[in-house]
Each structure stands twice: as C-alpha cells, then as structure tokens.
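Worksheet for the structure shown next.
Taken together, the values in this text are just the output of simple stated rules run on the coordinates, not laboratory data. Quick caveat, the model's predicted, so the values are computed rather than measured. Don't worry about glycine lacking a Cβ; one is built from the backbone with ideal geometry, like all the others, and counts go over all protein chains shown.
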Amino acid sequence: MGKSMWRFLSSVNLTVWLLLAIAVNLAIGSRYAKSLPAVYGQLNYLRFQEWLTGNGLDASWWVWSLFLLLLLFGANTAACTADRLIELLRIRRDYSLGDFAVILAPSVMHLCFLVIILGHAVSQFSADIRRMPVSSGAKLSLASAEVTVLDSRCSYYTEAALAGQLRECGVTLSLSSPSSAVTRTVSVLHPLSWEGYTLTLTMAGKPAANEAPAMKLIVKKDPGLPLILVGNALLCLLMLWYFPCIFRTRNGG
Amino acid sequence: MRLFNSFLPWLYLAAGGYAGSLLFFALGKKRFSLTLLWCGFAANTGAILLRGWHFGLFTPLNMVSEQYFLPWCLAALTLWRASKKRASASDAAGVAPVFLLILIALFLPARTIPPSPQSSTLFAPLFFLCEVMSHALLLLGGWSALLFLMRHPAEESFSRYAVWGFILYSIAQVIGAVWSWMGWAVPFHWSERHLSSAAIWCFYCAFLHLRFSPRWSAREKAWFALCGAVLTFVSTYGYYLSAVVVKHG
C-alpha cells in the first residue's frame, strides 16, 4: 500500500496531469485578475492571510485551488527527485564526473524549482510590506526604525518629440534606526537596501505632460526573495547548459 | 509622426515580400520563395530599426514590439531552417505563419511607446526580446507539429523548437521578475499578464515531461505542441483581437 502510494506520488504521469491542472487554474485566474484587477492587485502588497479577511470564497476559490495544486505538485516533484537521486547515487561509479554531472542536472533543476516555490510561499505568507504615499514630511514607522520623506523631484525630456515626457523621478529620504541616521535617495527602478528592508519607489499611473506623477514608497522585508531570484537564475543557467549537452548526445556527438 | 509614417512603407514592403514568398512556395518555386523571404526579412528589419528611432532617440523597447518583432523572429528561423544543407521541402513552409503574423501587424498596429522611468532599464527590452523570440520558437513548434500531424514525418523537430522556446521563455520570466522587483517591489504580479504567462510556462513544462512517460505517442505529443502554440497565440494576440471584437459589436 505504502509502496504503491509512493509510486503514484512520484510518477511522471501525475506530474503531467498536475502541470496541466495548474495551467488551467492559472488561465482561469488570469480571467479573474483581468475582470477584477483591484481585488487581485492587493495580493501583491498584502500577505495572503490579510487579503483573505477582505475577500470571500467567491473571489479566492481559484487561489485556494492553485495553492493546493502547487502543494501536491511540490510533493510530486520532491518524491520524483528523491527517487531519481537515490538511483543516481547507486550507479554513480558507472559514469565519469562530467557525464554524471549531466545526468544529475535535471534533479538539481527540480530542486531549484522547489526552492523557487518555497520562496514564493514564504513571500506570500510572511513578507513585511508597508506602503506610503510620497509627500514632503510623510513618515513611516517600522519595528525599530523610521523613514521620512524629505523631498521629491522629477525631470522631463526636452527633445522635440518627447517634450514634457517624464524622464526620471526620485525622492530623498531620512532613514533613522537605533544604530544610524542617514539621508539616502531612491529613484524609480533603483531600489535601496537598508537595515534588511528594500525601499522601492513606484509610480501610480501615467501623468500628463510636464505633470509629476503620484508616487508611492514600498518598504518591504521579504525573506522569500533571495530564494526566488537565486533559484530562478540557477535553473536558467542549468537549462542553458543541460539541453545543448543532451541534444549533442542525441545527435551522436 | 513623420518617422512613424516612414516606418509604414517598410512594413508594407515586408508584407509584400512575405506574400510573394508564400505564393512561390505554394507554386513549388523554392529558390524564388527564399529570395522573396530574404527581401521581406530585410524590409521587416528596416521597419523595426525605424521604430527604434521613432522619437529621434534610441528606444529599444519599440524595436521588440510583439506585432513587428514576432514575424521578424519567425522569418529569421524559417530562413535558417531553409538555408541548411539538409533542408527538407517543408522547411520553408514557415513562411505561411510569417505572412499571417505580418497581416495581423498591418491590421492591428502597435503604437510606439515613449520612454518612461519604469521602462528605462536594459531588463525591459531584454525581457521582450527573450519573450518574443520564445513565442516565435513555440509557434514554429506548433506549426511543425501541425505539418507532422498532416503526415510530414520530417517535421518531428517540433519537439526541439518547443524545448528551446521553453528555455527562452523561462529566461524571459526570470528577467521579467528582476524588472518587476526593481520597479514594483514584487517578482510576480497577481495580474492577468503574469498569470497567463505562468499558465503557458506550466503547459510547456508538462510537454517537456511527456518524453519520460511511455504512454504518450509522437502524435499525442504533436497535438500537445499544437495546443501550446494556440495557447501562446491567443495569449499574445487575445488582447488586440478582443479589442477588435468589442469595437465591431
């Protein structure tokens, strides 16, 4: 019974069907997000449990089913990878180091995927996210620190075809914690790291020519982010190395 | 506006080249078909370059607009396939989707986007570059799968296009995640765009795993690749097509 359960959990057919179910679930979710962007947009800046308090099952059912499917898929990937790794360790002496690295790569890619999923889960359930509108003198109190907006400025294009179009926006901040007090500048697309927080300047909508946009400062402590970025980068590098190796082998090279 | 207008004739030239190429391919004149495909490709390149200089300064984001860059990528892939030493007769058949896509570009033009603070990073054009190139590979995979299903056994290469498309698509998602984090503080947006991209990624991830299960035949895999291409096409052009449907009641 236990063995057949394990075989079912680690089977590739289950992987295929789960991935298809997740794809359908995501496609349904994209329709919901299109029709109610304000509702699902909140998920970007709220923890899932906080978002749930304002949204019932009619809005959240597909998010629940997505989490459930991802949980099952995570278990399937872990079981399948464990099976393969045990088998590979048993036969490792039959291969040269280079060849063994090639056949080991898919398992490492699967581990990367698990790390990415874990990172997203950590982000969605535990990230500390605060938002504040940007206006001179605005203050944001954190656990043991404070952020104050000193001033904001925008620059505009002067070229004929782009006259009045926004070129760049930035804010000067006073950042104080028990250990330090500093003045720093944050601009759009150039987030700032400070005391474990990431401070990001965002624009709300597109302003008219020569008009300053409404801006928001997002202050975030996200323990899942390193897992997501490192996992993704490693996954892509491995794919770029593994697939050419495999295609060469299949071509008789 | 003057520059935008100067970009349009190049697009019409490209469409003419691709149409002629398709016509000669249908008539079995491979050499003429390839020559005209080269001409269309050169005109398409000119159109893309002009879009990049539309505002009088270089805006690479406008060069990788899906409507114009996707047919360019597909034409490049078709030329590469058809110019190989052991090219089969159907290798130049990729000109059919190239022509279809340039027709869509003519009827659903994309406006040029002025630079903005949120797109003034190399990650923005790099994301679209990888994404559109991956779309081209996935569509070509679907097209090859269709030919395979129509009894062209030489087209079993659909799997390879889909795999390379998937790799590029994954890289695009990572670049997009970095851009999204820099600009909006989140690597993944709960938005229509990101959710449908994730759906396509999962679909092709499933396709990749078919290889490891003996119960899926080559024909079933071809159907899979074809469905993936349809999904990619609908996801790419769905917004524009639904706008047309709404406009015409």
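Find, among the GluC sites (Glu not before Pro) in region A:89-187, those assigned to loop by DSSP (not H, G, I, E, B) with at most 16 other beta-carbon atoms within 10 angstrom. Write out the running numbers ahead of the final one.
Values: sites: A:E146, A:E159, A:E168; in loops: A:E159.
For GluC sites (Glu not before Pro) across region A:89-187 that sit outside H, G, I, E and B with at most 16 neighbouring Cβ atoms in 10 Å, the list reads A:E159.
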Between A:W6 and A:V102, what is the label-point separation in nm under the 7 Å Cα-to-beta-carbon projection? 3.0 nm
When averaged across all projection directions, what area in nm² does the alpha-carbon convex hull of region B:114-249 cover? 10.4 nm²
Estimate the FRET efficiency between B:L241 and A:S179 by the formula 1/(1 + (r/R0)^6), using the beta-carbon distance for r and 51 Å for R0, to the nearest 0.05. 0.35
Would you mind telling me which residue in A:P207, A:P178, A:P226 has the biggest mean-square fluctuation in a Gaussian network model of chain A, where springs connect alpha carbons within a distance under 10 angstrom? A:P178
For a label point 7 angstrom out from the Cα of A:E168 toward its Cβ, which stretches of region B:125-146 have the backbone nitrogen within less than 19 Å? B:125
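Checking understanding here: applying a Kyte-Doolittle mean of at least 1.0 and a length along the axis of at least 20 Å (C-alpha), which whole DSSP H helices in chain A pass? Numbers along the way, then the final one.
Details: long enough: A:12-35 (35 Å, 1.15); A:57-90 (50 Å, 1.02); A:97-126 (40 Å, 1.64); A:225-250 (37 Å, 1.50).
Those that pass (Cα extent of 20 Å or more, hydropathy at least 1.0) are A:12-35, A:57-90, A:97-126, A:225-250.
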Which of B:S21, B:S157, B:S134 moves the most in a Gaussian network model of chain B with Cα springs under 10 Å? B:S157
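Which whole number gives the average, over all residues in B:59-69, of C-beta atoms from other chains lying within 10 Å of the residue C-beta?
Values: counts 1, 0, 0, 0, 0, 0, 0, 0, 0, 0, 0.
Mean inter-chain Cβ contacts per residue within 10 Å come to 0.
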Can you work out the FRET efficiency for the pair A:W17 and B:S83, with r the C-beta to C-beta distance and R0 = 56 Å, to the nearest 0.05? 0.90
Which of these, B:G165, B:G16, B:G40, has the largest mean-square fluctuation under a Gaussian network model of chain B (Cα springs below 10 Å)? B:G16
Along each principal axis of its Cα atoms, how long is chain B end to end? Whole angstroms, biggest number first, please. 50, 43, 42
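Would you kindly calculate the mean projected area, averaged across all directions, of the convex hull enclosing the Cα atoms of region A:91-156, in square nanometres? Could you put the intermediate results ahead of the total?
Details: hull surface 40.4 nm².
Over all viewing directions, region A:91-156 projects a mean Cα-hull area of 10.1 nm².
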Sort B:I200, A:I246, A:I86 so that the residue with the fewest other Cβ atoms within 10 Å of its own Cβ comes first and the one with the most comes last. A:I86, A:I246, B:I200
Only helices counted: for chain A, with every DSSP H run of 4 or more residues adding -39500 (n - 2.57) and the sum spread over all residues, [θ] at 222 nm is -18000 deg cm²/dmol
Which values of log₁₀ I(q)/I(0), to two decimal places, follow from the Debye formula for the protein assembly as shown at q = 0.07, 0.12 Å⁻¹ with a uniform point scatterer at every Cα? -0.45, -1.24
Under the helix-only model (-39500 (n - 2.57) for each DSSP H run of 4 or more, divided by the residues of chain B), the mean residue ellipticity at 222 nm, to 500 deg cm²/dmol, is -25500 deg cm²/dmol
How far is it, in nm, from the label point at A:C245 to the one at A:E87 when both lie 7 Å from their Cα along the line to the Cβ? 1.8 nm
Percent of Cα-Cα distances greater than 28 Å, calculated over region A:100-253: 45 percent
For A:R167, residues with placed amide H under 5 Å, excluding near neighbours: A:S155, A:Y156, A:Y157
Give the shape of region B:21-166 as rounded, prolate or oblate, defined through the alpha-carbon gyration tensor: a ≥ b ≥ c are the square roots of its eigenvalues, a/c under 1.5 means rounded, and otherwise the shape is prolate if a/b is larger than b/c and oblate if not. prolate
If contacts are Cα pairs under 8 angstrom and at least 6 residues apart, what is the relative contact order of chain B in percent? 16 percent
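Rounded if a/c is under 1.5, else prolate if a/b is larger than b/c, else oblate: which is region A:71-116, with a ≥ b ≥ c the root eigenvalues of its Cα gyration tensor? It would help to have the intermediate numbers written out before the result.
Working: a/c = 4.59, a/b = 1.95, b/c = 2.36.
Cα axes put region A:71-116 in the oblate bin.
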